[in-house]
Amino acid sequence: MPAMPRDVLVAQAVFDLMARTDGFDVLELMHDLTTHTVRLVEVRSAGVTVLDSDGRVDYLTASDEACRRLEEDQVELDEGPCLDSTRSGSVLGPVSLRPPGPGRWPRFTSRARAAGYSSVASVPLRVSQGTVGAVNLLHSGPRSMTGVDLQLVQVLADTAGICMHQRRTLMVRNEVIAHLETALDSRIVIEQAKGMLAARLGSDVQDAFARLRAHARSRQLKLTDLAHLVVHGHIPAELDRTL
């Protein structure tokens, strides 16, 4: 069977997720996971929710602002596919949000429809000792997500889980969750930085975030470290330009 262009993209995505040094940033790994997911499955948005040490679900990252708001909504409302998949550790969906829609998430479904989404799905984010979160897919448009799509996302999520598990030493599940809690703290700094940069440059926050990631990657900086610089007023000259 000859290789297809998408096969090459999948192989590149798996390699990119695995090719991490000892000092890699967990939050950056999750950003890359959502980026590859959106590109390969052709969903509109993807996000990651995780468990903290007390068993609470929180959103960690999202591919765009609309997805971020819905991830936050689900945590606030305590309902939605992200929470169900994270808590159950199982694949969920695809679930159509079109009327009459799923009765189990009435408030989330209303907000997701208003944002233009037509279906949702989630796959668990796992390490060897169990589930630590979920990768969430939000889709709009005529083409529905398929079981094969979810299998592909599960492969990407499992690759990220293996990467976390093998980082430096074989971490137990609680240690992985501790690293994810650190990433949750980093998320707040990054959101502050992209908001400040967007206001300074007169751009939207999604463009500001793209600039932050591109700058960090081109200079082999941790995204969190760059965000700290921006928040404290030390904005690199290359970023401090009108878009």
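The values are calculated or read from the model by the stated rules, or taken from the named source; none is laboratory data. Worth saying up front: this structure is predicted, and the values here are computed from it rather than measured. Reconstructed Cβ throughout: ideal geometry from the backbone, glycine too, with neighbour counts over all protein chains shown.
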Practice item. Hey, could you check segment 188-234 for residues that are within 14 Å of HIS31 (Cβ to Cβ) and polar (S, T, N, Q) and say which is surrounded by the fewest Cβ atoms within 10 Å (Cβ to Cβ)? Key: GLN206
Practice item. Report, ordered by the first and then the second residue, all pairs with beta carbons closer than 6 Å, sequence separation of six or more or different chains, a first member in segment 93-119 that is on the phi > 0 side of the Ramachandran plot, and a second member that is of a type in the set (Val, Ile, Thr) and in a helix (DSSP H, G or I). Key: GLY101/THR109
Check your understanding: Residue check: is SER122 over 30 Å from GLN220 (Cα atoms) and either modelled with pLDDT under 90 or over 13 Å from the mean Cα position of the chain (by Cα) (or both)?
Key -> no
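Applying the selection to segment 163-178, what residues are crowded, with 16+ Cβ neighbours inside 10 Å and either in a helix (DSSP H, G or I) or modelled with pLDDT of 85 or more (or both)?
Kept after step one, since they are crowded, with 16+ Cβ neighbours inside 10 Å, are these residues of segment 163-178: 163-165, 167, 171, 173, 175-177.
Hits for segment 163-178 are CYS163, MET164, HIS165, ARG173, GLU175, VAL176, ILE177.
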Check your understanding: When you scan segment 37-55, how many residues do you find that are within 17 Å of ALA11 (Cα to Cα) and surrounded by 24 or more Cβ atoms within 10 Å (Cβ to Cβ)?
Key -> 1
Practice item. Starting from segment 184-199, keep only residues that are closer than 13 Å to GLY233 by Cα and at pLDDT below 85, then list their pairs with residues that are among the charged types (D, E, K, R) and crowded, with 16+ Cβ neighbours inside 10 Å whose Cβ atoms are within a distance under 9 Å, requiring at least 6 positions of separation or different chains. Key: LYS194/ARG211; LEU197/ARG211
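Residue check: is ALA237 surrounded by fewer than 17 Cβ atoms within 10 Å (Cβ to Cβ), small (Gly, Ala, Ser), part of a helix (DSSP H, G or I) and out of contact with any Pro (no Cβ under 9 Å at 6 or more places or on another chain)?
No, not satisfied.
Looking only at segment 106-129, filter to residues that are assigned to a strand (DSSP E or B) and of a type in the set (A, V, I, L, M); which one of those is surrounded by the most Cβ atoms within 10 Å (Cβ to Cβ)? Give the derivation first.
Within segment 106-129, the subset assigned to a strand (DSSP E or B) is 119-127.
Those left that are additionally of a type in the set (A, V, I, L, M): 120-121, 123, 125, 127.
Working: VAL120: 28, ALA121: 27, VAL123: 25, LEU125: 30, VAL127: 23.
Checking each candidate, the answer is LEU125.
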Practice item. For segment 88-105, state whether one or more residues are closer than 23 Å to VAL155 by Cα and assigned to a helix (DSSP H, G or I). Key: yes
**Study point:** Contacts under 9 angstrom Cβ, first residue in segment 147-160 being of a type outside the set (A, V, I, L, M, F, W, C), partner at pLDDT below 90 and in a helix (DSSP H, G or I), 6 or more apart
**Key:** THR159/ALA13; THR159/VAL14; THR159/LEU17; THR159/MET18
Review point. Looking at segment 70-82, which of its residues are part of a helix (DSSP H, G or I), out of contact with any Cys (no Cβ under 9 Å at 6 or more places or on another chain) and surrounded by fewer than 23 Cβ atoms within 10 Å (Cβ to Cβ)?
Key: GLU72, ASP73, GLU76, LEU77
Check your understanding: Restricting attention to segment 140-147, does a residue exist that is in a strand (DSSP E or B) and at pLDDT below 95?
Key -> no
Check your understanding: Which one of the conditions (1) at pLDDT below 90; (2) among the hydroxyl-bearing types (Ser, Thr, Tyr); (3) closer than 17 Å to VAL120 by Cβ does SER53 fail to meet, given that it meets all the rest?
Key -> (3)
